[in-house]
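Participant: Here's a structure for you.
The values are calculated or read from the model by the stated rules, or taken from the named source; none is laboratory data. Worth saying up front: this structure is predicted, and the values here are computed from it rather than measured. Here the Cβ is made from the backbone with ideal geometry for all residues, glycine too, and neighbour counts use every protein chain on show. Side chains included, ligands, DNA and RNA excluded: accessible areas come from the protein's heavy atoms. Shrake-Rupley method; radii C 1.70, N 1.55, O 1.52, S 1.80 Å.
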Amino acid sequence: MNLPPPAPATTIAAESRMIAYSSGNFGKALVFGGADLTILYLLTDVLGLSGARAAGILLFAALGDLVFDLLAARLVLACRAAGRGYRWTVAMAALPCAAAFALIYAMPALGVQRIAVLAAAILVFRSAYAVVDVPHNALMAQVSRDSRARGRVSGYRLFFSTASALVIAAVLTPMVQQAGRTQQFGALAGTGIAIGLAFATTMLLCVWASGGAGRGTADAPQGDGIRVPLRDPVVLGLGALALLTGFAMPCFGRMLLYLGSYVVGRPESVALLLTALTLGQFGGVLAWTMLSHRFATARLLAAGHAVSAVGLLLFGCAMPWPAGQVVCAALIGFGFASVFMLPWGLLADAVDVVEWRHGRRFETGLFAFYLVAVKASGAASTAMIGGVLNLLGYVPGAVQPGIVRIGMVALGLGVPLAGAALALLLLRRFTLDHGRHARLLRAIARRQGATDPVSGLKRGLAKSSGEGETVAGGDALSAQARQSMSRSIAAPAAARS
């Protein structure tokens, strides 16, 4: 098989823009990751809500996520049609999102315990975050079109996310634990305000420093919209991957507070385990990023799930051994680096695949679709944890019976293990590698440069080489795809949403 020639070296300016763009993940992970890790514990052990009530609030938030990202996508598309690009939208939404985050962690100090007020504050935060998250993620498809460079961008993004995880482990998590023990909430409110300000500052600097990424593409290109082709195998595969990534894998981190406090009886070990998890992710970022230039994204993602599964099994065996648990947490973090980093590169490549197969470039739509699935499933996972704990008889701050401790282990280790196994099966269906992606880009470029769209498509197909397989092993250049593409090009107006 003849491989494409190597891509030209990335200029220093382009690499700097990729790093500047990726720095936004520090701020995003600081607020969303911090809330995701601590919100359930905040509701149960700080505010004193039952597991059922906390689960109800988070389930309500999960339902909100089903629409927030879609509404945010519509807003982004409207802004782009008006000449306002992704960066402008991120800048406008950063301060409201920061204020909403700070309000959540100030609620204990304000004496707020009404269910409706708590739910409203969480919904406001998640809706404002969606207006930041959708355009920032969609911008990744414009930062670079090369799949190898996208692997580096995914690595940069996770590096900044992991750096924020250190702040969460060292500052926010201990502060929430302390507030639960002492019922002193002033420091927690101050921490929430400080993290909100750090988020807003990071996002504003990100959009300023990444100027030039996506320049000239402020208008929605080639029929972008939120009505993505859900029957396309690559879209279905990404949706399933998003559900697994959001629901199953984060259960380990969400349950660490409970595992440390009630299962092993070492609450002080939680911060150390989170730090080990984060340091393992740092090592994983470096390793997976270097490997992404040589190996297909889907293969590395499958390897990350396998490493995570091994670490989870060893963590369960090392429950009585504190030092062993720290080592296992680092190994889990190493695998999680791939699990949470590489789907974004896979998603950016899928934008190109869908553009080829359907004649429309669903940048905003596909990223919004993925975000809806991953965030809604994440909120549903947290709600499921609260509901299960309530059914088992969990009482905050008390000595837990054996059935509750077993349930905590099942939630923290069993659920992500099952998710890793299912992901390994799913990723066997993804076969798009760097060579096929490069040929796909050349075919798209030839088609776009042709004077007559249909004849240009035929010339591009005649000159392209390789099968261009995608999810389910289907040919990207299959007869059905060619006919569908020809129809959508010949009648673009009828295909727009």
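Participant: If you check every pair at least six apart or on different chains, which have Cβ atoms under 6 Å apart with a residue in the stretch 10-23 that is within 13 Å of Ser154 (Cα to Cα) first and a residue that is among the basic types (Lys, Arg) second?
Facilitator: Ser22/Arg157
Participant: Are any residues in the stretch 128-150 among the basic types (Lys, Arg) and part of a helix (DSSP H, G or I), and if so, which ones?
Facilitator: Narrowing the stretch 128-150 to residues among the basic types (Lys, Arg): 145, 148, 150.
The answer is Arg148, Arg150.
Participant: When you go through Leu392, Leu432, Leu440, Leu411 one by one, which is the residue that is under 24 Å from Gln177 (Cα atoms) and crowded, with 20+ Cβ neighbours inside 10 Å? Lay out the reasoning, then the answer.
Facilitator: On the way: Leu392 fails: crowded, with 20+ Cβ neighbours inside 10 Å; Leu432 fails: under 24 Å from Gln177 (Cα atoms); Leu440 fails: under 24 Å from Gln177 (Cα atoms).
Result of the check over Leu392, Leu432, Leu440, Leu411: Leu411.
Participant: Among (1) part of a helix (DSSP H, G or I); (2) over 15 Å from the mean Cα position of the chain (by Cα), where does Phe430 come up short?
Facilitator: Going through the list (1) part of a helix (DSSP H, G or I); (2) over 15 Å from the mean Cα position of the chain (by Cα), Phe430 breaks only (1).
Participant: In addition: Confirm whether Leu58 is open to solvent by less than 40 Å² (accessible area, probe 1.4 Å), under 21 Å from Cys251 (Cβ atoms), modelled with pLDDT of 85 or more and touching a helix residue (DSSP H, G or I) at 6+ places or on another chain (Cβ under 7 Å).
Facilitator: Working: open to solvent by less than 40 Å² (accessible area, probe 1.4 Å): yes; under 21 Å from Cys251 (Cβ atoms): yes; modelled with pLDDT of 85 or more: no; touching a helix residue (DSSP H, G or I) at 6+ places or on another chain (Cβ under 7 Å): yes.
For Leu58, the condition - open to solvent by less than 40 Å² (accessible area, probe 1.4 Å), under 21 Å from Cys251 (Cβ atoms), modelled with pLDDT of 85 or more and touching a helix residue (DSSP H, G or I) at 6+ places or on another chain (Cβ under 7 Å) - is not met.
Participant: Among what's in the stretch 353-403 and is within 14 Å of Ala73 (Cβ to Cβ) and aromatic (Phe, Trp, Tyr), pick the residue that is farthest from the chain's Cα centre (by Cα).
Facilitator: The selected residue is Phe362.
Participant: Inside the stretch 88-123, can you point out the residues that are in a helix (DSSP H, G or I), farther than 30 Å from Leu205 by Cα and either touching a Pro at 6+ places or on another chain (Cβ under 8 Å) or small (Gly, Ala, Ser) (or both)?
Facilitator: At the first step, the residues of the stretch 88-123 found to be in a helix (DSSP H, G or I) are 88-110, 115-123.
Add one more test, that the residue is farther than 30 Å from Leu205 by Cα, and what stays is 108-110, 115-119.
Ala109, Ala116, Ala119 - these are the residues of the stretch 88-123 that are in a helix (DSSP H, G or I), farther than 30 Å from Leu205 by Cα and either touching a Pro at 6+ places or on another chain (Cβ under 8 Å) or small (Gly, Ala, Ser) (or both).
Participant: Now for a separate question. Quick check on the stretch 72-86. Is at least one of its residues of a type outside the set (D, E, K, R) and modelled with pLDDT of 90 or more? Please lay out each step first, then the result.
Facilitator: The first filter runs over the stretch 72-86 and keeps only residues of a type outside the set (D, E, K, R), leaving 72-73, 75-79, 81-83, 85-86.
Applying the additional criterion that residues be modelled with pLDDT of 90 or more yields none.
Among the residues of the stretch 72-86, not one is of a type outside the set (D, E, K, R) and modelled with pLDDT of 90 or more, which makes the answer no.
Participant: With out of contact with any Gly (no Cβ under 9 Å at 6 or more places or on another chain), touching a residue at least 12 places away in the same chain (Cβ under 8 Å) and open to solvent by less than 40 Å² (accessible area, probe 1.4 Å) as the only criterion, which of Leu158, Leu166, Leu172, Leu188 stands out?
Facilitator: Working: Leu158 fails: out of contact with any Gly (no Cβ under 9 Å at 6 or more places or on another chain); Leu166 fails: open to solvent by less than 40 Å² (accessible area, probe 1.4 Å); Leu172 fails: out of contact with any Gly (no Cβ under 9 Å at 6 or more places or on another chain).
Only one candidate passes the filter, namely Leu188.
Participant: Can you tell which of Ala298, Ala271, Ala329, Ala240 is surrounded by fewer than 24 Cβ atoms within 10 Å (Cβ to Cβ), at pLDDT 85 or above and not basic (Lys, Arg)? Let's see the steps before the verdict.
Facilitator: On the way: Ala298 fails: surrounded by fewer than 24 Cβ atoms within 10 Å (Cβ to Cβ); Ala271 fails: at pLDDT 85 or above; Ala329 fails: surrounded by fewer than 24 Cβ atoms within 10 Å (Cβ to Cβ).
Of the residues listed, the single one that is surrounded by fewer than 24 Cβ atoms within 10 Å (Cβ to Cβ), at pLDDT 85 or above and not basic (Lys, Arg) is Ala240.
Participant: Scan (1) under 24 Å from the mean Cα position of the chain (by Cα); (2) without any contact (Cβ under 8 Å) to a residue 40 or more places away in the chain for the single condition Gly260 breaks and write down its number.
Facilitator: The one condition Gly260 does not meet is (1).
Participant: Still on this model: Within the stretch 355-377, does at least one residue satisfy the condition of being surrounded by 24 or more Cβ atoms within 10 Å (Cβ to Cβ), of a type in the set (Lys, Arg) and closer than 20 Å to Val415 by Cβ?
Facilitator: yes
Participant: Are there any pairs, at least 6 apart or on different chains, whose C-beta atoms fall under 7 Å, with the first in the stretch 110-123 and over 20 Å from Gly186 (Cβ atoms) and the second surrounded by 14 or more Cβ atoms within 10 Å (Cβ to Cβ) and among the aromatic types (Phe, Trp, Tyr), and if so, which?
Facilitator: Qualifying pairs under 7 Å: Ala119/Phe60.
Participant: Taking Arg266 and the conditions (1) more than 18 Å from Ala329 (Cα to Cα); (2) of a type in the set (D, E, K, R); (3) touching a Pro at 6+ places or on another chain (Cβ under 8 Å), which numbered condition does it fall short on, given that it satisfies the others?
Facilitator: (1)
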